Amino acid sequence: QVQLVESGGGLVQAGGSLRLSCAASGRTFSSFAMGWFRQAPGKEREFVAAISWSGASTYYADFVKGRFTISRDNAKHTVYLQMNSLKPENTAVYYCAARSGHLVVPYGYDYWGQGTQVTVST
């Protein structure tokens with residue numbers, strides 16, 4: 001089992017930045033690829049970004065390229081999502097997820113956090 005706890009969400013004005021954190025506990029953190037997903041009101045959950053167990057490989061949804069950066073610190077068992085140039089359409093609950101194995105892909109995640117709300121005002 002892996003337990004995931006997100007933090008860092010909040011209210012920010014358009015054009016601002018937030019850094020989300022996801023603290024993991026349980027099984028060996030470095031054996032998991034990690035991902036961030038989001039779900040806006042009335043919409044399905046969608047993939048945002050993923051990172052390999054070592055941090056060497058990353059993968060992003062097209063709509064965040066150049067604005068969001070995923071990273072991880074295996075010593076701290078934490079994965080981050082730095083979000084810059086935020087837009088109102090980025091408003092959603094953001095979820096952290098863990099995936100067994102080494103693939104950096106937008107599917108097949110086994111463990112999920114409870115989510116953190118990000119609200120971007122105009």
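Quick look at the numbers
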{"read-out": "Only listed residue being modelled with pLDDT of 95 or more, surrounded by fewer than 15 Cβ atoms within 10 Å (Cβ to Cβ) and at positive phi, chosen from Gly8, Gly66, Gly15", "value": "Gly15"}
{"read-out": "Any hit, the stretch 57-68, residues being in contact with a Gly (Cβ under 6 Å, 6 or more places away or on another chain) and more than 17 Å from Gly9 (Cβ to Cβ)", "value": "no"}
{"read-out": "Out of Arg45, Arg27, sole residue that is out of contact with any Leu (no Cβ under 7 Å at 6 or more places or on another chain), basic (Lys, Arg), under 13 Å from Arg99 (Cβ atoms) and surrounded by fewer than 17 Cβ atoms within 10 Å (Cβ to Cβ)", "value": "Arg27"}
{"read-out": "Test for Asn74: is it open to solvent by 40 Å² or more (accessible area, probe 1.4 Å) and not small (Gly, Ala, Ser)", "value": "yes"}
{"read-out": "Segments classed as strands (runs of 3 or more DSSP E), wholly inside the stretch 1-88, with at least 1 members that are among the charged types (D, E, K, R)", "value": "2-7, 18-26, 32-39, 46-51, 68-73"}
{"read-out": "Flag for Ser85 being surrounded by fewer than 19 Cβ atoms within 10 Å (Cβ to Cβ), touching a residue at least 24 places away in the same chain (Cβ under 8 Å), more than 19 Å from Leu4 (Cα to Cα) and over 14 Å from the mean Cα position of the chain (by Cα)", "value": "yes"}
{"read-out": "Residues located in the stretch 45-82, provided they are farther than 21 Å from Ala24 by Cβ, in contact (Cβ under 8 Å) with a residue 24 or more places away in the chain and more than 14 Å from the chain's Cα centre (by Cα)", "value": "none"}
{"read-out": "Complete set of residues in the stretch 103-122 that are surrounded by fewer than 13 Cβ atoms within 10 Å (Cβ to Cβ) and farther than 24 Å from Gly10 by Cβ", "value": "Tyr107, Gly108, Asp110"}
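The values are calculated or read from the model by the stated rules, or taken from the named source; none is laboratory data. Only a predicted model underlies this, so the values are computations on that prediction, with no experimental measurement involved. Cβ coordinates were reconstructed from backbone atoms using ideal geometry, including for glycine residues, and neighbour counts include every protein chain displayed. Surface areas here come from the heavy atoms of the whole protein model, side chains and all, with no ligands, DNA or RNA. Shrake-Rupley method; radii C 1.70, N 1.55, O 1.52, S 1.80 Å.
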